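The values are calculated or read from the model by the stated rules, or taken from the named source; none is laboratory data. The structure presented is a predicted model; accordingly, all values stated were derived computationally and were not measured. Because the Cβ atoms are built from the backbone with ideal geometry, glycine has one as well, and the counts that use them run over all protein chains shown. Note: accessible area is taken over every heavy atom of the protein model, side chains too, but ligands, DNA and RNA are not part of it. Shrake-Rupley method; radii C 1.70, N 1.55, O 1.52, S 1.80 Å.
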Amino acid sequence: MPSGSRGGGRGETSRLDESDVRVRPGRGTRPRSKRRPDHADATEGMVVGVDRGRWTCAPDADPDLRVTAMRARELGRTPVVVGDRVGLVGDVSGGEDALARIVRVSERASVLRRTADDTDPYERVVVANASHLIIVTSLADPLPRTGFVDRALVAAYAGGLTPVLCLTKADLADPEPFAAQYAELDLPVVVTRAGDPEQVRPVVDGRVTALVGHSGVGKSTLVNQLVPDADRAVGVVSGVGKGRHTSTSAVALALPDHRGWVIDTPGIRSFGLAHIAPDDVVAAFGDLATAIEDCPRGCSHLGPPADPECALDAEVAAGRLPEGRLEALRRVLTALRIPAWET
């Protein structure tokens with residue numbers, strides 16, 4: 001058979017001209033639109049758990065529902081953490097095989113950040129949009145540690161959260177001596193005894209509240225008292241991945257009757273503060289934020305000999321700032337200079 005009689009042979013292709021050839025443009029020359037859908041019909045919700053590339057979200061319209069979601073491609077590597085307010089599209093039914101997409105992350109009102117240690121420049125946002133941070137520490141077994149409390153205070157002040165000191169096991173020791181160290185900072189203090197979380201309820205009622213604390217201080221007990229079905233709720237949230245909720249991630253638990261959220265952060269044992277400057281802490285105190293405008297550049301506000309020209313000393317001399325308040329503030333600021341592993 002002549003070669004030109006077969007389809008696709010040289011004789012056949014020789015009769016084709018450029019109008020018969022379809023050319024697919026390469027990936028680099030293909031026209032692409034920069035327009036992205038605005039997802040105006042997205043369901044609003046809150047992230048309550050994160051596990052291995054999946055996010056568990058609670059839609060506002062049905063806070064009892066849990067929706068499993070992935071991050072939409074258009075968000076790129078935008079971090080999404082527990083407490084974030086997000087927009088959801090896709091299957092938001094919460095069914096066993098349902099999967100939605102997070103297409104929008106709203107601006108955060110507050111952030112609780114930490115670094116791995118004081119030399120690590122990479123910030124990790126642990127919790128978003130919590131209004132309060134409850135720093136849980138026991139009065140005995142184990143003994144209270146001011147170093148951890150001071151670092152947690154620094155993180156709260158810098159992140160826009162209102163700190164609250166919760167002293168547990170008050171049936172074993174007097175809370176007054178430890179609490180007195182923070183009196184000049186106007187730091188709210190709540191005290192609990194075994195099986196009695198009543199002083200904590202007004203703090204969490206109607207709010208999104210994060211809790212931090214070392215192992216053994218009674219934080220888990222407190223969470224279980226505030227959220228009676230906390231163990232079951234954690235199981236639901238962690239079920240989005242292949243493992244249960246671990247000590248490295250936060251989880252948001254709904255208070256009874258939807259009166260707020262408690263965010264348990266069992267993975268935070270210390271705070272690396274590499275991302276925080278002294279001015280970030282002082283700025284949280286309205287009566288001091290203006291005064292430090294007269295401090296020299298790079299002032300750490302610790303006073304002589306480190307900062308002989310700190311303007312806060314002039315405020316004390318003029319009678320506008322109580323000396324005890326400045327001493328308490330400077331003790332907290334010292335946490336920025338003490339390595340995390342020594343607290």
Exercise. Which percent of Cα pairs goes in each bin when the distances of the stretch 42-127 are cut into 10 angstrom slices starting at zero?
Worked result: 18, 49, 24, 8, 1
Exercise. What figure in square angstrom, to the nearest 10, would you give for the accessible area of R66 with a 1.4 Å probe?
Worked result: 60 Å²
Exercise. Which stretch or stretches of the stretch 148-178 have amide N atoms under 11 Å from the point lying 7 Å from A289's Cα along the Cα→Cβ direction?
Worked result: 160
Exercise. In terms of modelled amide H atoms, which long-range or inter-chain residues lie less than 5 Å from the amide H of L253?
Worked result: V262, I263, D264
Exercise. Considering the zone a paramagnetic label at D280 would reach in this model (a point 7 Å from Cα along the Cα-to-Cβ line), which residues of the stretch 156-186 have amide N under 14 Å from it?
Worked result: 156-161
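Taking 35 Å as R0, compute the FRET efficiency from the Cβ-Cβ separation of D257 and A173 and round it to 0.05. Display every interim value, and only then the final one.
On the way: r = 34 Å, r/R0 = 0.97.
Efficiency, rounded to the nearest 0.05: 0.55.
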Exercise. To the nearest 10 square angstrom, what accessible area does T119 show with a 1.4 Å probe?
Worked result: 120 Å²
Exercise. Between D62 and A306, what length in nm is gained on full extension when 0.36 nm per residue of separation is reduced by their alpha carbon distance?
Worked result: 82.4 nm
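Which order do I338, I102 take by accessible area at a 1.4 Å probe, largest first?
Details: I338 65, I102 0 Å².
The ordering from most to least exposed comes out as I338, I102.
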